[in-house]
Amino acid sequence: MGIKRPEKMLTRRAAARGKIILFGEHAAVYGFPALGLQLEEELMVTLKEGGREASIQRIRCSRAPGAEKRLRKLLQELAAPQHSVFRRAAELSVRSELPPGLGFGSSAALCAALAKLYLGEGAGTAEIWKEAHRLEKLFHGTPSGIDTGLSLIPGTTLFLPRPPALPEFRRLPDFPAGLLVGAVPRSAGTADLVARIAAEREKNGSAVNRLLSELGEVSGKAAEMVEQSKRPHQDKMPDYSAGLGACADRSQEILAELGLSTAELDFCLRTAREAGARGAKLSGAGGGGAFFAIMKSREELEDAYSRMKRSCKRKGIPLLYLKQYPAAGGD
Ligand code: PMV
């Protein structure tokens, strides 16, 4: 009797990136425009095919140690046999630079990376996006598709949603202002927050529709400014920060009216404005989570970064993420 050789394990990897929604969150679910930005941080899935049984081997989240449990839960749901993600026994590992559950698109990146993996190298972005969208529906029934889009499309993108189909999109020039991006703990998940707006819309249709429609209008206005800006010159960036800041502030007022802001978010946004931000808002589903502030110059951005750290520490607010995104140039 011959010796049974161990089965050959085939290793494949795929990655997708995180995002922040700049304008139009929640509005996008109802077909209004939204604008977002892909982040550098990525999530990578490694698949070893050919094992005896499907298993999740290792989950590491470098930006948020302790958040692995959440990612593992998402992965378990996605890898369940009924979703036909993997046809063969496979060992899966995930390495993520994105803190999950805060609005930085960690679950969308997981869906997109898995879709890339099992569709294989021949698949184009449209096909991967479609599949990632199917998977994302498992997390919150009615995703607009902007999160999975941003996990796959680099740079700044304007989305024109067409629910239930995937949105149309247009890639824009680089965002022409500095961004201070942060996050505080979230009190509810995306699915709950999206459902809350849906319930509010049932009760109070025309008022809520008016607010959602205005969020979409603001997205369109901001996209026009970004489009006009082109790449900044060598050493002097045209100043779009005031206009974009006003768009952020108006969006935040509306999101707060929809009940999506929190005292901790309000504190961070106020701190950013006091440190010179031209405007600031929550980003993503809200209830805490991600936020950003629009800064005019690199100097102001650095100053606001330190002030935010100090003020949150003094107030006892746990800042789960804080990063500067300097648009090239600055004055
Ligand atoms: O939970 P987040 O931050 O990834 O944001 C979801 C964005 C929503 O507009 C609230 C929902 C959607 O599918 O567009």
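Oblate is the label for the stretch 250-321, because the ratio a/c of its alpha-carbon gyration tensor axes (a ≥ b ≥ c) is 1.5 or higher and a/b is not greater than b/c.
When a/c is below 1.5 the answer is rounded, else prolate if a/b is larger than b/c, else oblate, so apply that to the stretch 166-213 with a ≥ b ≥ c taken from the square roots of the Cα gyration tensor eigenvalues. Here the stretch 166-213 falls in the oblate category. Each of A28, A183, L117 was placed along the dipole of the chain (beta-carbon charges, centred on the mean Cα), and the one lying farthest toward the positive end is L117. The packing ranking of peptides 168-175, 113-120, highest mean first, is 113-120, 168-175, where packing means the average number of other beta carbon atoms within 10 angstrom of each residue.
For the stretch 129-255, the extents of the C-alpha atoms along the principal axes are 49, 34, 30 Å, listed from largest to smallest. Approximating the spin labels as points 7 Å out from Cα along Cα→Cβ, the K203-to-A165 distance works out to 3.5 nm. The percentage of C-alpha pairs in the chain whose separation is greater than 34 Å is 24%. In straight-distance terms, cross-link reach from K73 covers every one of the aspartates and glutamates whose alpha-carbon lies under 20 Å from its own, apart from those fewer than eight places away in the same chain; here that gives E42, E53, E91, E97, E131, E136, D147, D192. As a proxy for reagent exposure, ranking H26, H140 by other Cβ atoms within 10 Å from fewest up yields H140, H26. Summary value for the chain: 21 percent relative contact order, contacts being C-alpha pairs under 8 angstrom separated by 6+ residues. Residue order for T46, T125, T157, fewest other beta carbons within 10 angstrom first, comes to T125, T46, T157. Exposure proxy ranking for E300, E200, based on other Cβ atoms within 10 angstrom of each Cβ and starting from the fewest, stands as E200, E300.
Protection proxy ranking for 244-252, 288-296, using the average of other Cβ atoms within 10 Å per residue and placing the highest first: 288-296, 244-252. Within a straight-line Cα-Cα reach of under 13 Å, K230 can be paired with the following aspartates and glutamates, leaving aside sequence neighbours fewer than 8 residues apart in one chain: D174, D239.
Values quoted throughout were computed directly from the atomic coordinates according to the rules given, and no laboratory measurement underlies them. No experiment lies behind these values; they were computed from the predicted model shown. As a convention, Cβ positions derive from the backbone with ideal geometry for all residues, glycine included, and neighbour counts pool all protein chains shown.
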